[in-house]
Amino acid sequence: MNPDDTYRSGARRSAGLTVSTFVLGVSFGALARGSGWTAAEALIASTVIFSASAQLALIGVLDGPGSAPAALLTGAAALLRWLPMSLAVAPFLTGSRFRRILTSQAIVDGSFVLAATGDGSFRERTLVGATLAQWPAWIIGTAVGVAAGVNHTAITTAGLDAIAPAFFGCLLVDAARDKPTRAVAAGAAVVTVGLMLVVPPGVALLAAALTALAGLHPLAREPQQ
Amino acid sequence: MTRLLVIVGVATVGALLKAVGLLRRTDGPPQHPGWRRVASLLTPALLAGLVMVSVHGRGTAFIDPALLAGAAAAVSTRLLRAPLLLALIVGVITTAAVRLLL
């Protein structure tokens, strides 16, 4: 086992993300409550779905003119990116089948990114530790948003909604070390922005993830050391 | 009730998607260098997408200029090899400052 791969290091490395997850959770809770969701519905959603993109998409569709099947489809589409992420992480999960299935449930964007070593392999315990730190933050954040009815404006005025893009941007700086990687990242950014004009952000994220398929082309290979 | 059913439905789909990778028959990491490269590119590609999604403005502007400025400031700070926390603080302050000015 990699000595750097511990539950504690996963939780520690996700500290910045945990704060942003909490803030986003407050926003979601306030937004859900404002859209007529009950406190129980908002809390159950945060506990069992644990995805900002899917949950925010649900608020948009469920409380618009959309029907339940449309909302189900939108929410599921927002989560489709977990499919390639699961395929990438699965070979590095250990233990019995049941344990691996349980561990696979720790796959969420931030933890996936923190668990990646950069050479295509993944740190299992870092993945779990990072998720175990963020999950309660997301639920507690939702509870605070629901209960206190925190004004979304207060969060944006303080600039706290910048934590997420700033955090992902910084991780990108650390992850995109060579030219082909930077080119793929730039392509993913362009694809995301273009698609966000016509589809929900969660679907655009799936397309962003799929730009990694460029790695099959010889030009995108890692430069020789 | 409908809302709750949709919530549980989406959560079930999510849980299945997370576990689907375990259906691979062969054990161990993929050996093909191309697929290993795809796996390693998945992280930066997803991160680039996440940055763009999280600077997406709700309502008024398609891209929130204050969030974009905050993200850019944080990235620049990180490029100067500053600690992550400092870069995040710079990002938050920049966003708040731009919103104050706009």
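Bear in mind these aren't lab numbers, they're just calculated from the coordinates by the rules spelled out. Note that the coordinates shown come from a computational prediction; the quantities given were computed from them, not determined experimentally. FYI the Cβ positions are ideal-geometry reconstructions off the backbone, even for glycines, and counts take in every protein chain you see.
Report the calculated FRET efficiency for A:Arg8 and B:Leu102 (r = Cβ-Cβ distance, R0 = 35 Å), to the nearest 0.05.
The calculated FRET efficiency here is 0.25.
Net charge within 15 Å of A:Ser51 by Cβ-Cβ distance, Lys/Arg positive one each and Asp/Glu negative one each, not counting A:Ser51 itself?
Net of charged neighbours comes to +1.
Compute the length gained on full extension between A:Thr157 and A:Thr47: take 0.36 nm times their separation in residues and subtract their Cα-Cα distance, giving the result in nm to one decimal.
Between A:Thr157 and A:Thr47, full extension yields an extra 36.8 nm.
Just the projected area, averaged over all directions, of the convex hull on the alpha carbon atoms of segment A:120-225: how many nm²?
The orientation-averaged projected area of the Cα hull of segment A:120-225 comes to 9.3 nm².
For segment A:95-102, in order, what is each residue's ³J(HN,Hα) by Karplus, 6.51 cos²θ - 1.76 cosθ + 1.60 with θ = phi - 60°, in whole Hz (x at glycine and Pro)?
Each residue's phi maps through the Karplus curve to give x, 5, 4, 4, 5, 5, 5, 4 Hz.
With the contact rule set at Cα under 8 Å and sequence spacing of 6 or more, what percent relative contact order holds for chain A?
Contact order relative to length: 33 percent.
Computed over the Cα atoms, what is the radius of gyration of segment A:103-154 divided by 2.2 N^0.38 Å, N being its residue count?
Here the answer is 1.47, to two decimals.
With θ set to phi - 60°, apply the Karplus curve 6.51 cos²θ - 1.76 cosθ + 1.60 along segment B:40-49 and write out the HN-Hα couplings as whole Hz, x wherever there is a Gly or Pro.
Here the 3J(HN,Hα) series is 6, 7, 4, 5, x, 5, 5, 4, 4, x Hz.
Return the inverse of the average 1/r over all pairs of distinct C-alpha atoms in the protein assembly as shown, which is the Kirkwood hydrodynamic radius, in Å to one decimal.
Taking every pair of different Cα atoms in the protein assembly as shown, averaging 1/r and inverting gives 19.7 Å.
Along the charge dipole of the protein assembly as shown, pointing to its positive end and built from +1/-1 on Cβ of Lys, Arg, Asp and Glu, which listed residue (A:Leu24, B:Ser40, A:Pro69) has its Cα farthest out?
B:Ser40
Using the Karplus curve 6.51 cos²θ - 1.76 cosθ + 1.60 with θ = phi - 60°, work out ³J(HN,Hα) for each residue of segment A:9-22 in order, rounded to whole Hz, and write x for Gly and Pro.
Taking θ as phi minus 60°, the curve returns 5, x, 5, 5, 5, 9, 3, x, 5, 5, 4, 5, 4, 4 Hz for segment A:9-22.
Run the quick spin-label model on B:Ile63 and A:Ala39: label points 7 Å from Cα toward the beta carbon, then report their separation in nm to one decimal.
4.1
Taking other Cβ within 10 Å of each residue's Cβ, how do A:Thr142, B:Thr12 sort, fewest first?
Starting with the residue having the fewest Cβ neighbours, the order is B:Thr12, A:Thr142.
For helix A:52-62, what angle does its Cα long axis make with the longest principal axis of chain A, in degrees from 0 to 90 and rounded to 10?
40
On each of the three principal axes of the Cα atoms of chain B, give max minus min coordinate, whole Å, ordered largest first.
Sorted from largest, the Cα extents of chain B read 56, 47, 23 Å.
For segment A:1-148, what D do you get in µm² per second when you plug the Kirkwood radius from alpha-carbon pairs into Stokes-Einstein at 10 °C and 1.306 mPa s?
Once the numbers are plugged in, D ends up at 100 µm²/s.
Quick one: which residues, 5 or more positions from A:Ser14 or on another chain, have an amide H under 5 Å from its amide H? H modelled 1.01 Å from N in the peptide plane, none for Pro or chain starts.
Under 5 Å from the amide H of A:Ser14: no residue qualifies.
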